[in-house]
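A quick write-up on the structure given underneath.
The values are calculated or read from the model by the stated rules, or taken from the named source; none is laboratory data. Please read these numbers as outputs of a predicted model, since none were measured by experiment. Using ideal geometry, Cβ is built from the backbone for each residue, glycine included, and neighbour counts are taken over all protein chains shown.
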Amino acid sequence: MGKMIIGVDIGGTTIKIGIIDNIGNILDKWEVPTNSTNAGTSIISDIWKSVSASLDQNNMTKEAIEGIGIGAPGFIDMDSGHVFEAVNIGWKNTPLSEELRTVSELPVFVTNDANAAVLGENWKGAGGNAKNLVALTLGTGVGGGIIVNGDIMNGESGMAGEIGHTTVDPDGILCNCGRRGCLETIASATGMVRQAKAKMEQNPESRLVSRYNASGRITAKDIFELGDEGDVSCKEIIAYTADVLGLAVANAATIINPSKVLIGGGVSRAGVQFIELIEDAFHRYALPRVSNVCELKSAKLGNDAGIIGAAFLVKQKMENLTF
Ligand code: ZN
C-alpha cells in the first residue's frame, strides 16, 4: 500500500478533512468548524492540529503521508497556493500553501474548491477519468470546472471554467459579479426562485402563490415539486432553466469538445427529468460532432467530491514531480 493523502475542503462554515489512499478510498473523514473571526487567521493552524490529532488516533505518523491537498474558496494563485481573497472566510493575501507547509513539513497543493470537486468527480465519481470534461454545479450560484487533457484548467487568472458567469442574456438581471444576464442569474436556485416570484406577480391564482402563503417562502425544491404535480408556471420555469442550461452546456462543449458534461449540486438532484430536459436542449444547440461524443450525467459524489479531488491533486502533482 502506498502513502496516504490528506484531502481538505475549506467551506464557509465547516472544513471537511479526509485521509484518503492513493486509489481514492476514504479511510477516515471528519469536519471542523471554519473559524472566520480575526480575518480567518486561525484556520491554517486549526487544520493542521486536527490532522495531527487524527493521525495519532489512527496510529499513523506524518511519514505515512504523501502530502496535503486543499480546495479553498476565493481567488487563488494555483501555482503558489497563495489566496488573494476569500471573502466568506475573511482571508486577504493569505499564503495558504506556504504556512501549512511550514507547520506540517509536508508537500501542500492548493486549487479552488470548485476545481477540487471536479477533480474528485472525475477520479471517483461520474467522470470515469475522462480526459476532457466540463462540470457545472447548480447551487445558490452556478460553479464550473474544466478538465483538458487530464488537467484542470486554471487559466491566466484562475478564472477558467467560471461558466456561471457566461452571459446568456445581455439585457438580463443584474448578477452578483456586477454584469447582466449571467447563466447564474437564471440557472441557480436563487435564479429559479426569482423566476418564480415574477410568475407569482403575473398570476396571483397560481399554486406558487398558495405555496408561498402557506410557508412564507418559495425554494427551488418547491418549484420542482409543483412542476411534478403539473403546475404550469413551474413547468415553464423548469423548461426555460433547462433550455438556458442546455445552451450554456452546448457553448462550453463546443469550445472544449469533452466526452462528459457533469451536472451537480442541489438543483441537479431535482430529478432525472430535469437532466433529460437539459440534455435535449444541449443536443438542439450543439454541433452533432460535439454532442454525439459527449455524455451528460449527474454528478454522484456529493459532499465528498472536494476532499477526494484535493487528494487527487496531490497524487497528480507528486507523480509529475517523480516521473
Ligand atoms: Zn455574473
**Study point:** Residues located in region 87-118, provided they are under 27 Å from residue 150 (Cβ atoms) and hydrophobic (A, V, I, L, M, F, W, C)
**Key:** 96, 100, 106, 108, 109, 110, 114, 116, 117, 118
Review point. Can you tell me how many residues in region 10-51 are outside any loop (DSSP other than H, G, I, E, B) and without any contact (Cβ under 8 Å) to a residue 24 or more places away in the chain?
Key: 5
Practice item. Would you check which residues across region 137-157 are without any contact (Cβ under 8 Å) to a residue 12 or more places away in the chain and more than 13 Å from residue 79 (Cβ to Cβ) and list them? Key: 153
Check your understanding: Is there any pair linking a residue in region 171-186 that is assigned by TED's automatic domain parsing to the domain that holds residue 252 and more than 16 Å from residue 243 (Cα to Cα) to one that is near the ligand (Cβ under 6 Å from one of its atoms) and part of a strand (DSSP E or B), with Cβ under 8 Å and at least six apart or on different chains, and which?
Key -> 175/182
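Name the residues in region 278-290 that are in a helix (DSSP H, G or I) and more than 21 Å from the chain's Cα centre (by Cα), would you? Spell out the reasoning first.
Narrowing region 278-290 to residues in a helix (DSSP H, G or I): 278-285, 288-290.
Listed by number, the residues that qualify are 280, 281, 283, 284, 285, 288, 289, 290.
What tally of residues in region 136-182 results from selecting those that are among the hydrophobic types (A, V, I, L, M, F, W, C) and within 8 Å of the ligand (Cβ to nearest atom)?
3
Is it true that residue 72 is of a type in the set (A, V, I, L, M, F, W, C), within 15 Å of the ligand (Cβ to nearest atom) and not assigned by TED's automatic domain parsing to the domain that holds residue 259?
no
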Review point. Regarding residue 202, is this residue farther than 26 Å from residue 17 by Cβ and at pLDDT below 95?
Key: yes
